[in-house]
Amino acid sequence: MYEEPRIGVYICHCGLNIAATVDVKEVAEYAKTLPNVVVARDYVFMCSEPGQNLIKDDIKNLGLNRVVVAACSPSMHEPTFRSAVESAGLNKYLFEMANIREHCSWVHGDRKLATEKAKDLIRMAVAKARLLEPLEEKEFPVYNSVLVLGGGVSGIRAALELARYGFDVYLVERSPTLGGKAALIGHVDLQTRGSEVINKMIELIKRNPRIHVFTNSELIELKGFAGNYEAKIRVYPRYVNERCNSCGECEEVCPVDVANEYDFGLSRRKAIFLPFRGAYPPYYVVDHRVCTKCGECVRVCRFNAIDLSEEPRELGLKVGALIIATGYDAYRPLKGEYSHGFHNNIITLFQLERLLDPEGPTRGELVINGRIPKSIAFIQCVGSRNTTPNARSYCSRMCCTTAIIDAIKIREKYPNTDVYIIYKDIMTYGSDESLYLEAGRRLVRFVKFEEEPPNVVISPEGLFIDLYEYTIQERIRIPVDAVVLSTGMVPRRDLDDVIRVTRVSRGGDGFLREAHLKLAPAESPTKGIFLAGTVTGPKNIMESIRMGSAAAAKAMALLSKGKVIAEPMIANVNEDICSGCAICVGVCPYDAISIKIVDGDRIAHVEEALCMGCGSCAAACPSGAMQQLGFKDRQLRAQVLAAFG
Amino acid sequence: MSEGFEPKIVVFACNWCTYAAVDLAGTSRIQYPHNVRVIRVMCSGRVDPQFVLEAFNRGADGVIVAGCHPPADCHYSEGNFKAFRRFTLFRRLLDSLGIERERFKLEWISASEAGKWVQVVNEMVNDLKKLGPLREKLEVR
Amino acid sequence: MEKPKVAWYWCASCGGCEESFVDLAERLLTVFEKVDVVFMPVAMDFKKEDVEKLPDGSITVSFINGGVRLEEHEEMVKLLRRKSQIVIAYGSCSSWGGIPGLANLYNIDEVLARKYLEVPSVDNPNKILPAKRIKVKIPELQREVELELSDILPKLLPLDKVIDVEYYIPGCPPTPDVAWNALQALLSGNLPPKGSVIGASSRSLCDECPLNDTKPEEILLKDLKRPYEFIPDPEKCLLVQGLICLGPVTRGGCGALCPKANMPCTGCFGPLDNVADYGGKALSFIASIMDYSPMEEEELNKVYDKIPDWVGTLYRYYLAASKLGGRVGLAKSKLKGEVAEV
């Protein structure tokens, strides 16, 4: 039903902010001459209550159906005037602003030129206003549950947060145990290991009926939109059930022997194994990827805890939001990088952490290659900060603190062992600075390199580190018994599996990208999918925990009202014109568009709850069938044409 | 060039970055030439090359399309990627159609770059004053 | 009841529109039975005076094809406009200038020089260019006569830039089926609002192309290919294979003849209703699906470099009707004289 536009134009003086430069009276008189303008007024402060009442009264008394306010920037008062318009019974999207303050009176000194420009801007706003259409804010109900992908420290924190506030949580972890990297390595401070934090958090998870833990599980499908996701997970068989009492007899007879990823390759394990002492679920598991199903373990198990016929199963979960907290991988030095792979005394920081862990393969004894080293050197920034050709460009954030904590502990436990830290810069930020001082007090020797990374030399006399020391400006050679490469953090090698299912995207450094570092931290660009922990980049344990809380808070905010409100200025398909050419589908960064068959025709379909209103599809649509509500082609064209009178 | 020729420039500014930068120039009271008319879009990815051609046809002497810095600033992730792809090709079209390079700019201006906005405007106004009005060249002379 | 009067005129035309109209074959006979042709230079010996003698508005429909290139065309179409109730722009040339419209990329002098002086097969030692008045010496008769040639307009114009046009029938040429659909609409009186394109589809060519269903979910290209580079798989969408197929941006109704023959659509049916500038829209959709980030400007330019003539590719049939109408800054002729001597 076409109704003739009846436009009211209101020109704000903004005190003297506008009126001192722009001749507001002249502009109001000009506005009256524009077609479809029924009334044009000027007033000292349009955003004030009397100002807003001018609009409301005119809507009621003059039957206005469009309103234009020429004043400050819409970023200031668009919501104010929209509310005013709505309260007078007019759809709030039948309102347009002309920015004659920030874009005019404040930046142009010449009264005549500023006034002429103000007239142009108002004419453009009126041209668009003529073509505005009422828009709805659609609501969708939500599921009050969240799927947390990743059972590491940030995922666990997020799960606890969510459960605390009444949301059901599905905690889905790919490996057979919760805990992630922090259960194995890392420190919160000199006294507290990551594993202690993990253990405490796992206790809380155990007791929480709202948190449903799925280990040995993967997310294989994600359909739907924010608030209304249908997720599918696949639970791989453990083959071992809770009857297991961890006696370990099965382990003795298992013929399969592989490198133990829980010790970062320092030790070996069998196909049937217990990941680590604090693992949850707290019993053995069979690695379904390497098990030969020989049945030896079943034979010796006295508790009937093993069933090799267990099949993978798939579960459908209805969730309102997803939190991706899948963590990171340790950088793997190339063979030969700092001579890694050519000598058993050259290990990584992650491996050292396992050695120093009282629960680790050597019960906390610093035994490398059978002996306690008399001297040990850490080389920092391995795999980070462009030190070597294969290194990443960023700083991995936690390696300096971890290396220094380890150095302090070694000096404490083995006072006769010399410890060197060979660094480019020491990045112990915040309160970790005190660790740096403590290390110095304990006679850890800090040796600096600059451009050239140190060289690890393997000779019949032993290991040496050759470098150009920057502070004394001399080439030096340090003989050492063992070398620890402080390797950094890289994105998980299997991250593509997550990306494929959730369609989130990577940033420049390969980690997952947050929607906007400043405006939307902990959010992925997809509405309803949040990010926590090291999946977005290197962090220490506390930072990961905080981000887990942040992501949980964001998920709760999304779901808290019981409904989601879709963005109204979204893409819209004219089905009479759409030919299903599908150009739009690949253009949408939110995967909001798909091709559906309507009466036998291919037609583009916009998932309204997913569309964020960028308009890229509208500009790409070759037939003009796709338009953006509120920014339609004809509305923008009208502004272009009106710019010239 | 005609004396006192004041070029008319149409600007498509994305809401989250460039429009905010223009606002910031205003709040900072930075004075710059009056010749620009800003049209607000939510994202530079909304800008259809047809609009730019229309602007030139109707009397714009210059057109600017401005959005958020790639690769990471776009509020909608990759809208600016589309603007980049389109207007990189568009330049070639303008070349073939005899429209001087100075008449069209694709710029990345973040919300804090009021100075860059002013610089871009000044540069274009100066260039266009030297080139003269486009309108005259639309007719065969 | 008097039969409706019909006229058919050609401006700068290749004759293809006439040929395809004739391809209506038997259907043509039914048309000619129902109408009274009062002017049709291609087939019948009517003169301009015959049209002038008709009362204004007495021609029910005039079909005009070809772009307005000469003063004579301008004169004739204006005359036909006065005499007609309905004027139909028949074919891409009259609708949008067509391929001859690409001449608008050049100054008229460049066009004339190319045609009359530079083309390798031209034998014009005296470098004679056409002029409005031609003096011809006829030695055998020992006479000199003066002929009047129509002057050439500096730009080729689509029909609607010269006269009001009620309807457009698209195509280069319009297929017989499209012409038939349009004629049916005319004869039945079941006509859409003035200014509409008739006889064709309101959706793009993809709608009727059998390869539309073969498209993957997302269309993103890393490369563009020219038709000579490879033989496309006839069972897969040509655009997805990297050819610049303008199907998505072109009005359908032709039955996707070119893609069915394994050639990408070049856009002869013109834009859809909501598109203001065909080439701009074509540029927008092609560029939008190029899978490159702004950090890969060099790589993207390398791909764009593969197409040597973007204007020709995007505006092949549409340049004269585009927002800019052709190259800007074109100059009037300096080479042409008032008189040429032959």
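FYI, it's all coordinate maths here, none of it is from the lab. As the structure is a prediction and not an experimental result, all values here were calculated from the model. Glycine also receives a Cβ, built like all others from the backbone with ideal geometry; neighbour counts cover every protein chain displayed.
Semi-axes of the stretch A:403-544's equivalent ellipsoid from the Cα gyration tensor, sqrt of 5 times each eigenvalue, largest first, rounded to whole Å?
With the √(5λ) rule applied to the stretch A:403-544, the semi-axes are 38, 18, 14 Å.
Per residue, what volume in Å³ does the Cα convex hull of the stretch A:592-645 take up?
Hull volume normalised by residue count: 95 Å³.
Provide Rg and Dmax in Å for the stretch B:9-138, with only Cα atoms included in the calculation.
14.0, 41
If one computes the Cα centroid of the stretch C:1-19 and of the stretch A:1-57, what distance in Å separates the two points?
Each part reduced to its Cα centre gives a spacing of 55 Å.
How long is the stretch A:237-311 along each principal axis, judged by its Cα atoms, biggest number first, in Å?
Reported extents, whole Å, longest axis first: 31, 25, 23.
Which one, C:303, B:39, A:444, is farthest towards the positive end of the dipole of the protein assembly as shown when Lys and Arg carry +1 and Asp and Glu -1 on their Cβ?
Result: A:444.
What FRET efficiency would be calculated for the residue pair residue A:86, residue A:139, taking the C-beta separation as r and a Förster radius of 22 Å, to the nearest 0.05?
Result of the calculation: an efficiency of 0.85.
Where the Cα atoms of the stretch A:396-459 are projected onto their three principal axes, how long is each span, largest first, in whole Å?
The principal-axis extents, from largest down, are 33, 29, 17 Å.
Would you kindly give the portion of the calculated P(r) for the stretch B:1-82 that falls above 17 Å, as a percent of all Cα pairs?
When all Cα pairs of the stretch B:1-82 are counted, 52 percent exceed 17 Å.
For the stretch C:138-293, what does the convex hull of the Cα positions come to per residue, in cubic angstrom?
Residue-normalised Cα hull volume stands at 234 Å³.
From the C-alpha coordinates alone, can you work out the Kirkwood hydrodynamic radius of the stretch A:566-629, in Å?
11.3 Å
Can you list the residues, at least 5 places off or on another chain, whose amide H is less than 5 Å from the amide H of residue A:446, using H built in the peptide plane?
A:421
Treating the beta-carbon of each Lys and Arg as +1 and of each Asp and Glu as -1, no other charges, what is the dipole magnitude of the protein assembly as shown about its Cα centre, to the nearest 20 debye?
Dipole magnitude for the protein assembly as shown comes out near 1520 debye.
What percent of all Cα-Cα pairs in chain C falls into each 20 Å bin, going from 0 up to the bin containing the maximum distance?
Distribution as computed: 27, 52, 20, 1 percent.
What is the distance, in nm, between label points placed 7 Å from the Cα along the Cα-to-Cβ direction at residue A:451 and at residue C:161?
Result: 6.2 nm between the two label points.
Give, in whole angstrom and from largest to smallest, the semi-axes √(5λ) of the equivalent ellipsoid of the protein assembly as shown, with λ running over the eigenvalues of the Cα gyration tensor.
Semi-axis lengths for the protein assembly as shown are 68, 35, 32 Å.
Tilt of helix C:71-83 relative to the longest C-alpha principal axis of chain C, in degrees (0 to 90, nearest 10)?
So the helix axis and the longest Cα principal axis differ by about 90 degrees.
Rounded to the nearest 500, what is chain A's calculated 222 nm mean residue ellipticity when only DSSP H runs of at least 4 contribute -39500 (n - 2.57) each, over all residues?
Rounded to the nearest 500, it is -8000 deg cm²/dmol.
Looking at the stretch A:466-553, I'd like the Rg to Rh ratio, where Rg is from alpha-carbon atoms and Rh is Kirkwood's inverse mean 1/r.
1.21
About its Cα centre, what dipole magnitude does the stretch B:9-138 give when the only charges are +1 on Lys and Arg Cβ and -1 on Asp and Glu Cβ, stated in debye to the nearest 20?
That gives the stretch B:9-138 a dipole magnitude of about 220 debye.
Would you calculate, for chain C, the mean residue ellipticity at 222 nm contributed by helices, counting each DSSP H stretch of 4 or more residues as -39,500 (n - 2.57) and dividing by all residues, to the nearest 500?
Dividing the helical sum by the residues of chain C leaves -7000 deg cm²/dmol.
When N counts the residues of the stretch A:543-594, how does its alpha-carbon radius of gyration compare numerically with 2.2 N^0.38 Å, as a ratio?
1.75
If you build the Cα gyration tensor of the stretch A:330-490 and take the root of 5 times each eigenvalue, what three semi-axes come out, in whole angstrom, biggest first?
20, 19, 17
How far apart, in nanometres, would the label points at residue A:307 and residue C:44 be if each is projected 7 angstrom from Cα along the Cα-to-Cβ direction?
A separation of 9.2 nm, rounded to one decimal place.
Sticking with the crude label model, points 7 Å out along Cα→Cβ, report the distance from residue C:22 to residue C:85 in nm, one decimal please.
3.0 nm
Relative to the first principal axis of the alpha-carbon coordinates of chain B, what is the inclination of helix B:79-96, with its axis defined by its Cα atoms, in degrees from 0 to 90 and to the nearest 10?
Helix B:79-96 sits at roughly 10 degrees to that axis.
Fully extended, how many nm does the chain gain between residue A:3 and residue A:598 (0.36 nm per residue separation, minus their Cα-Cα distance)?
211.1 nm
Suppose R0 equals 56 Å. What FRET efficiency, 1/(1 + (r/R0)^6) with r the Cβ-Cβ distance, do residue B:123 and residue A:388 give to the nearest 0.05?
0.85
Compute the acute angle (0 to 90°) between the alpha-carbon long axis of helix B:49-58 and the principal axis of greatest extent of the alpha-carbon atoms of chain B; round to the nearest 10°.
Result, in degrees: 40.
Are there cysteines in chain C with no other Cys C-beta under 4.7 Å, and if so, which?
C:11, C:14, C:17, C:93, C:209, C:237, C:245, C:254, C:258, C:265 - these cysteines have no disulfide-compatible partner (Cβ-Cβ under 4.7 Å) in chain C.
Percent of Cα-Cα pairs per 10 Å bin, from 0 to the last occupied bin, for the stretch C:16-70, please list those.
Answer for the stretch C:16-70: a P(r) of 18, 51, 28, 3 percent.
Tell me, what ³J(HN,Hα) does each residue in the stretch C:280-291 have, in order and in whole Hz, if you take phi through Karplus 6.51 cos²θ - 1.76 cosθ + 1.60 with θ = phi - 60° and put x for Gly and Pro?
These are the phi-based 3J(HN,Hα) values: x, 5, 4, 4, 4, 6, 5, 4, 4, 9, 7, 7 Hz.
Rg (Å, one decimal) plus Dmax (Å, integer) for the alpha carbons of the stretch A:1-148?
Just the Cα atoms of the stretch A:1-148 yield Rg and Dmax of 16.8, 61 Å.
Could you state the per residue volume, in Å³, of the convex hull enclosing the Cα atoms of chain A?
213 Å³
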